[in-house]
């Protein structure tokens, strides 16, 4: 997350300030925002801004541009570089307005640049002859009530970098992934996978709730008009694609154990900041902040994940918001054609985002009457002898699928000779052995086009070309 500098990963984050000349900075405005030389600055309570200002038409640096960071003003150097500027922050994160003006260019304004202690923000400013203003819209974030459970999916702006850039022009694409996948891919990059399970449990909740609160309740990026909820850098939390060389067992297990746990105060989600050490949280005057090393030491002392969370974030109530059963449909077979005597195989793969584990012998697919879903005696006309029963096409293929894991169901469907040609809808619902439904994010249904007879295909004869004709000499 962007509220701490990693203490054990020297490659995170690289600060690109080569060639930047430190200018004499002008102190403007309130005393609590005074600029302090880098060597005198306490890294536990300051944010750093650097970057560049360029002419959008030519790509050349704009020298002498006026850059106002909240109440502070600095100027770009001869190359257009913004000197590293240090600001004391009132907490682990503080939003400031950034305004850039230069002779011959329109005003550039970004309202709400989030500065974070210890993690530099790069400003990439391209000026034109027209004013440019980006400011938050009315809150268009998805207002997710804490007790409704975590979001199903999240959209990630992929920069493939750890550097925090404003505006996020380094986003190369937007990936939509299950929210549980996002948390599983954040935790091993924000925590140490070899740490005690209780520390990882606390980290799993903090990482999940930070994104849940920041992106879906507060709408950090969507309010600015961007088509993503988070970016994969220290602007939010470091997210990386999975590597076959990494063992994710410990962190995935932690996410599964704590999935859906929410820390609620006054019936609202809190934003779960975390930093490297406890003293960093204290210096930044943040009550809702956990020290990562502190979670390690408390786990070593025997505290559970929930006890660690309460130590850092109280007063809060911990609530398990995720339902016992829920699945996200990752993929399913396409619609199909059948004719008398024809059998085809269908399959569906789902991610388990409930708290309970799916089991091979008890997690089944059951047919549903497409016209009268409450008809308990419905028997599908597409039943196949391989089904478990006339109403149960399949059971879970795997032995089990725990929270965060995927499960697959595969089964055959057939068209009996007596079935009239036409278009049919085939619907199934995952359930437990006791009849408890497993709700899904989208219905499991197929359109089946039944033909009177098998389709015929015209056959053509192709003569192979043995060799290309040789060129005349």
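Tabulated data for the structure shown
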{"item": "Condition check for residue 245: over 17 Å from residue 404 (Cβ atoms), assigned by TED's automatic domain parsing to the domain that holds residue 294 and surrounded by fewer than 20 Cβ atoms within 10 Å (Cβ to Cβ)", "result": "yes"}
{"item": "Strands (runs of 3 or more DSSP E) fully within the range 260-344 counting 1 or more residues that are under 30 Å from residue 413 (Cα atoms)", "result": "327-332, 336-338"}
{"item": "Residues of the range 168-179 satisfying the condition of being part of a loop (DSSP other than H, G, I, E, B) and buried (at least 17 other Cβ atoms within 10 Å of the Cβ)", "result": "168, 170, 171"}
{"item": "Single match in 153, 182, 226 (criterion: surrounded by fewer than 20 Cβ atoms within 10 Å (Cβ to Cβ), modelled with pLDDT of 95 or more and either under 14 Å from the mean Cα position of the chain (by Cα) or within 22 Å of residue 403 (Cα to Cα) (or both))", "result": "153"}
{"item": "Options 404, 354: the member that is buried (at least 17 other Cβ atoms within 10 Å of the Cβ) and closer than 18 Å to residue 331 by Cβ", "result": "404"}
{"item": "Residue count, the range 106-123 (criterion: over 30 Å from residue 279 (Cβ atoms) and crowded, with 22+ Cβ neighbours inside 10 Å)", "result": "1"}
{"item": "Selection count, the range 313-344, where residues are more than 30 Å from residue 441 (Cα to Cα) and without any contact (Cβ under 8 Å) to a residue 40 or more places away in the chain", "result": "1"}
{"item": "Close pairs from the range 40-58: first under 21 Å from residue 164 (Cα atoms), partner in a loop (DSSP other than H, G, I, E, B) and modelled with pLDDT of 95 or more, Cβ under 6 Å, at least 6 apart", "result": "52/80; 53/62; 53/65; 53/76; 53/80; 54/80; 56/128"}
{"item": "Condition broken by residue 99, with the remaining ones in (1) surrounded by fewer than 16 Cβ atoms within 10 Å (Cβ to Cβ); (2) over 26 Å from residue 406 (Cα atoms); (3) modelled with pLDDT of 95 or more satisfied", "result": "(1)"}
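Per-residue answers, yes or no, for (1) within 23 Å of the chain's Cα centre (by Cα); (2) under 22 Å from residue 115 (Cα atoms):
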| position | (1), (2) |
| --- | --- |
| 274 | yes, yes |
| 279 | no, yes |
| 282 | no, yes |
| 290 | yes, yes |
| 296 | no, no |
| 299 | no, no |
| 302 | no, no |
| 305 | yes, no |
| 310 | no, no |
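The values are calculated or read from the model by the stated rules, or taken from the named source; none is laboratory data. What you are looking at is a predicted structure, and each value in this text was computed from that prediction instead of being measured. All Cβ positions, glycine included, derive from the backbone under ideal geometry; neighbour counts span all protein chains shown.
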